[in-house]
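Notes to accompany the following structure.
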Amino acid sequence: MASRETLLKILDLARWAPSGDNTQPWRFEIVADDHIAIHGNDTREWCLYDFNGHASHMAHGALLETLRIAATGEGLAASWQLRPGSPDKSPVFDVRLTPAPGIAPDPLLPFVESRTVQRRPMRTTPLTAAQRSALAAAPGAGYSVQFFESGAERRQVAGLLWRNAYLRLTCPEAYPVHKEIIEWRTRFSKDRIPEQAVGVDGATARLMEWVMASWGRVQFFNKYLGGTIAPRVQLDYIPAIACAAHVLVKADVPAVGVEAHVRGGIALQRVWLTAAAVGLHLQPEMTPLIFRWYARAGLSFSAVPEIQQGAAALADEFERIGGFGHDQGLTFFCRVGVSDPPKSRSLRKSVEELMLPGR
């Protein structure tokens, strides 16, 4: 049986799991010395990018995998189960911890806290055979990995992301998310993305801060002053070229339901931690997948017809570039490469802030 101090130590490391825009959609409860409950939530009500809550479900999976890895450092084996009857919008995951004499700390354990997002350009040094092999094996059974490595492939992806970013920046339903998630004039943020980690220069950041104060300003700049160009160049096109490769994790069977997306989140975190373990930095590129989820599900997400049409066209383009069909399950898309460590990053709320009151 583990002590409460041991469980808190495990949770203190597990909280470094990634989540969309650092939303941290979870709260912790220590039920017993061998039982932790993870109370999930999702952001679908206000976040366009949380398609049916699945982005949050994937974050829950990343947390559960990180918790499992952290437990090995304390000589414990962790297993989880979705609590029967818990709703999709607020799933509860019961984690059981059992002593495992002789268990070795997971090789990914040293990278849990150092793993971060690199939104700035990376070096184009090609992946080594060892790096490519490690990334390909990282997601585990049920997944495969596709690499876009050549200059031509990276330019194709850059074009996709350039057009994707135009939709992202002109979609009125996305504006409240963009306004909320950045903490301006900061290097670190415990619950958002700090400005210095966004990946734009200081002048562009000041302009973005002023423009994003109102949707009217955004519309004016986009229509008359080419307001999307600078952020698309700095945040999407140049980084898409300046990397070693883009990495696409594909599911053998399209994900359906909470548990399938949780498993996708486990695969996501294993890829991310493996990238760190082999000396690479990583940046998620999830919005093309999310717009494709909407398009292939036939769901409307914007009142602007051109946005809807653009999402369908981008889904077709993504499938053409990747050489797969409408029914292919896509789990995670990112770019990787060698770079200096980011000087700014998102932090996390403390364990105390993430504990349910009185638990």
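The values are calculated or read from the model by the stated rules, or taken from the named source; none is laboratory data. Here the structure is a predicted model, which means the values were calculated and not measured. FYI the Cβ positions are ideal-geometry reconstructions off the backbone, even for glycines, and counts take in every protein chain you see.
Yes or no: region 98-108 includes at least one residue that is outside any loop (DSSP other than H, G, I, E, B) and closer than 18 Å to Pro18 by Cβ. No, that holds for no residue. Scanning region 301-356 for residues that are in contact with a helix residue (DSSP H, G or I) (Cβ under 7 Å, 6 or more places away or on another chain) and among the hydroxyl-bearing types (Ser, Thr, Tyr) gives Ser302, Thr331, Ser344, Ser346.
Restricted to region 303-340, and to residues there that are polar (S, T, N, Q) and surrounded by fewer than 20 Cβ atoms within 10 Å (Cβ to Cβ), the residue that is farthest from Leu167 (Cα to Cα) is Ser339.
Condition test on Gln283, is it outside any helix (DSSP H, G or I) and either in contact (Cβ under 8 Å) with a residue 12 or more places away in the chain or acidic (Asp, Glu) (or both)? For Gln283, the condition - outside any helix (DSSP H, G or I) and either in contact (Cβ under 8 Å) with a residue 12 or more places away in the chain or acidic (Asp, Glu) (or both) - is met. Sort out which residues of region 27-61 are touching a strand residue (DSSP E or B) at 6+ places or on another chain (Cβ under 8 Å), closer than 22 Å to Glu183 by Cβ and surrounded by 24 or more Cβ atoms within 10 Å (Cβ to Cβ), and write them in order of number. Of everything in region 27-61, those that are touching a strand residue (DSSP E or B) at 6+ places or on another chain (Cβ under 8 Å), closer than 22 Å to Glu183 by Cβ and surrounded by 24 or more Cβ atoms within 10 Å (Cβ to Cβ) turn out to be Ser56, Ala59. All conditions in (1) buried (at least 20 other Cβ atoms within 10 Å of the Cβ); (2) more than 19 Å from His35 (Cα to Cα); (3) among the aliphatic types (A, V, I, L, M) hold for Ala141, with the sole exception of (1). Is region 326-337 home to any residue that is in contact (Cβ under 8 Å) with a residue 24 or more places away in the chain, in contact with a Phe, Trp or Tyr (Cβ under 8 Å, 6 or more places away or on another chain), in the same structural domain as Ile181 (by TED's automatic domain parsing) and among the polar types (S, T, N, Q)? Scanning region 326-337 turns up at least one residue that is in contact (Cβ under 8 Å) with a residue 24 or more places away in the chain, in contact with a Phe, Trp or Tyr (Cβ under 8 Å, 6 or more places away or on another chain), in the same structural domain as Ile181 (by TED's automatic domain parsing) and among the polar types (S, T, N, Q). Counting only helices (runs of 4 or more DSSP H) that fall entirely inside region 147-234 and contain at least 3 residues that are surrounded by fewer than 19 Cβ atoms within 10 Å (Cβ to Cβ), the qualifying elements are 151-170, 175-181, 202-211, 215-224. Just to verify a result, which residue in region 1-32, among those that are touching a residue at least 40 places away in the same chain (Cβ under 8 Å) and among the acidic types (Asp, Glu), is farthest from Ala70 (Cα to Cα)? Top of the filtered list is Asp21.
Among all positions in region 298-315, there is no residue which is in contact with a Gly (Cβ under 8 Å, 6 or more places away or on another chain) and either part of a helix (DSSP H, G or I) or within 21 Å of Gly142 (Cα to Cα) (or both).
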